[in-house]
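Inspection log for the structure reproduced underneath, given as structure tokens.
The values are calculated or read from the model by the stated rules, or taken from the named source; none is laboratory data. Predicted model only: the values in this text are computed from it and were never measured. Don't worry about glycine lacking a Cβ; one is built from the backbone with ideal geometry, like all the others, and counts go over all protein chains shown.
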Amino acid sequence: MSHDHDALHRGFVEEGFAIPRGSLVDPDTLAAAQAAMLQVRDGTFDTGVPPSGHPGYDPAKLCKINDPHLASHALHALVSDPTVARLAAVVTGARRIQVWATQLLIKPPATAAAGHVGWHQDRQYWRYWQQPEGLFTIWMALSDVEADCGPMRFVRGSHRWGFLDQGDFFAGDHQALRDGIDVPDGETWEEVSALMPVGGVSFHHCLTFHGSDANTSDRPRCSVAVHLRTEAVEPNEGDESYYVSHLADPAHAPVIYDEDDA
Ligand SMILES: O=C(O)CCC(=O)C(=O)O
């Protein structure tokens, strides 16, 4: 499917997110990733390396496994998908893009508040980087994401509000959280749902407020969120946080796009 590259780039710059139409991930890569997701969920790691965080699987809750790409060749291939990486460069305007963390998110059906992701700006959790500019996420759908699946919702233009530090990924009460966020004068809170087919992706800036509701469908909502940096941002000097300690290791932190190789 062809995309209007200018519109996607403009959307990312002006609105803080971009949701290209259709399925983008290579079909073989996608099928292998879907099988791998279940293996990693159930504790089989074909690389011989565990994810950096695996809380165990409880079908009554949102399942969040950190760095599943360490544990699975197929998930490493998914997060390195070249078509998606090239589009990420177009969307963000980056010359170089590097993965530095991933999360496997499985939101089981009928999870109510246990499936919520509270409103937040990713920067809240990413303080080991010098600045927010150049930090973004590619969210990759491993199942169809329809309105009743608890899709991610972005707040249009909220990346321009600066870093407010007022959200909470783990909070279940959206309204209470929303009430505590100081929307700047003259701005409005306008939510956009990221609906997409399996193999679809969205891109969002690390200051864009986002969250998601319960999955009220009868299907699990499955995804891998890939956290990336462009050439514009470096870790804080001397910072030894886990996520900025493995940038030289392509198993942890593959460079998925480099203008010089394109
Ligand atoms: O999957 C969700 O609903 C939220 C994911 C998220 O917060 C992220 O990818 O930054």
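Couple of notes before you dig in:
- Condition met for Arg153 (touching a Gly at 6+ places or on another chain (Cβ under 8 Å) and of a type in the set (D, E, K, R)): yes
- Residue in the range 239-248 that is loosely packed, with under 15 Cβ neighbours inside 10 Å, at pLDDT 95 or above, hydrophobic (A, V, I, L, M, F, W, C) and more than 16 Å from the ligand (Cβ to nearest atom) present: yes
- Some residue of the range 171-188 being closer than 30 Å to Arg95 by Cβ and either modelled with pLDDT under 95 or within 18 Å of the chain's Cα centre (by Cα) (or both): no
- Of the residues Arg95, Arg153, Arg160, the single one that is closer than 22 Å to Val224 by Cβ, among the charged types (D, E, K, R) and touching a residue at least 60 places away in the same chain (Cβ under 8 Å) is Arg153.
- Looking across the range 81-118 at every residue that is within 30 Å of Asp4 (Cα to Cα) and among the charged types (D, E, K, R), the one that is farthest from the ligand (Cβ to nearest atom) is identified as Arg95.
- Exactly one residue out of Arg123, Arg153 is in a helix (DSSP H, G or I), within 16 Å of the ligand (Cβ to nearest atom), buried (at least 17 other Cβ atoms within 10 Å of the Cβ) and not hydroxyl-bearing (Ser, Thr, Tyr), and it is Arg123.
- A count restricted to the range 45-76 and to residues that are out of contact with any helix residue (DSSP H, G or I) (no Cβ under 7 Å at 6 or more places or on another chain) and in contact (Cβ under 8 Å) with a residue 40 or more places away in the chain stands at 4.
- Within the range 193-211, tally of residues that are within 9 Å of the ligand (Cβ to nearest atom), assigned to a loop (DSSP other than H, G, I, E, B) and small (Gly, Ala, Ser): 1
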